[in-house]
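**Q** Below is the structure I would like to discuss, written out as structure tokens.
The values are calculated or read from the model by the stated rules, or taken from the named source; none is laboratory data. What you are looking at is a predicted structure, and each value in this text was computed from that prediction instead of being measured. Note that we place each Cβ from the backbone using ideal geometry, even for glycine, and neighbour counts take in every protein chain shown. Each accessible area value is taken on the protein alone, full model and side chains, heavy atoms only, with ligands, DNA and RNA left out. Shrake-Rupley method; radii C 1.70, N 1.55, O 1.52, S 1.80 Å.
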Amino acid sequence: MKISNMASLVGLFCSCSLVFLASMNGLVDSARVFKVGDGLGWQEPEDNNTAMYNQWAERNRFQVGDSLLFEYKNDSVIEVDKWGYYHCNASKSIVVFNNGRSILNLDRPGPFYFISGAPNHCKNGQRLIVEVMGLHHQRSYSPPPIATPPYSFQLAPSSQTSSGAAVFVRLVSVLVVLLATLVALPRSS
């Protein structure tokens, strides 16, 4: 094999390896910003739509590094613990936002609980649970030991490909490129 062909093969191998490693480390993926409530924003729901925010959360998949954007008028957003969520109690709040446009970074896997700070808005359905998935986290939900929510809901199973399958697909792609390169190289006699 000629030196120039060998150098081309080594260069291609290094390039493919770099692409593979970058995709394995999540460098290709980017964090997303989710506007809570989509076009409606963060507001007191109508009487017949008290589960709207948790239904919105069920339609989305949140990863560590994503952010929530709350847009609201004459209201506030309060991050609370599980007990505070189910009892609409902000006395032990974690974070309070009241500037009309608040961004919260989802910096860990697990549940985040939010309620409105406006009087009676939480009891009328303006509250949200966001389940953040880690790299190997499957969505799970256990009922609260203290209180039962005024309505029931189920979290949808994850529609994302398992990380094992994604790794396998990436590995096969790199191997196919390498094999095609080897077949295409001219043979010397």
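**Q** Report ³J(HN,Hα) in whole Hz for each residue of the range 81-98, in order, from the Karplus equation J = 6.51 cos²θ - 1.76 cosθ + 1.60 where θ = phi - 60°; Gly and Pro get x.
**A** Result, ordered by residue: 7, 4, 4, x, 5, 6, 10, 6, 10, 9, 5, 10, 5, 8, 9, 10, 10, 8 Hz.
**Q** Continuing with the same structure: Student exercise: in the range 33-133, how many lysine pairs 8 or more apart or on different chains have Cα atoms under 21 Å apart?
**A** Values: Lys35/Lys73; Lys73/Lys123; Lys82/Lys92; Lys82/Lys123; Lys92/Lys123.
Number of lysine pairs found: 5.
**Q** What are the ³J(HN,Hα) values, in whole Hz, obtained from phi via the Karplus relation 6.51 cos²θ - 1.76 cosθ + 1.60 with θ = phi - 60°, for each residue of the range 55-63 in sequence order, with x given for Gly and Pro?
**A** 5, 4, 5, 5, 7, 10, 10, 9, 10
**Q** I would also like to ask the following. Let's test the formula: R0 of 45 Å, r as the Cβ-Cβ distance of Ile103 and Asn48. What FRET efficiency results, to the nearest 0.05?
**A** Numbers: r = 30 Å, r/R0 = 0.67.
Using R0 = 45 Å, I get an efficiency of 0.90.
**Q** Right, here's the next one. I'd like the Karplus ³J(HN,Hα) series for the range 109-124: coefficients 6.51, -1.76, 1.60, θ = phi - 60°, whole numbers in Hz, and an x wherever there's a Gly or Pro.
**A** Each residue of the range 109-124 in turn: x, x, x, 10, 10, 10, 9, 7, x, 6, x, 6, 5, 4, 4, 8 Hz.
**Q** Still on this model: What spacing in nm lies between the two simple spin-label points modelled at Lys82 and Val64, each 7 Å away from Cα in the Cβ direction?
**A** 2.0 nm
**Q** Top to bottom by accessible area (1.4 Å), largest first, where do Arg59, Arg127 land?
**A** Values: Arg59 160, Arg127 10 Å².
My answer, sorted largest first, is Arg59, Arg127.
**Q** Using modelled amide H (1.01 Å from N, peptide plane; none on Pro or chain starts), what sits under 5 Å from the amide H of Asn89, excluding residues fewer than 5 places away?
**A** Residues meeting the criterion, in which the H sits 1.01 Å from N, do not exist here.
**Q** In a solvent-free Debye calculation with one equal scatterer on each Cα, what is log10 I(q)/I(0) for the range 33-133 at q = 0.12, 0.21, 0.25 Å⁻¹, listed in the order of the q values?
**A** With one equal scatterer per Cα and no solvent, log10 I(q)/I(0) is -0.32, -1.09, -1.62.
**Q** Could you please state how large a percent of the accessible area of the range 33-133 is carbon and sulfur, counting protein chains only and using a 1.4 Å probe? Display every interim value, and only then the final one.
**A** Details: 2180 of 4770 Å².
In the range 33-133, the share of accessible area belonging to carbon and sulfur is 46 percent.
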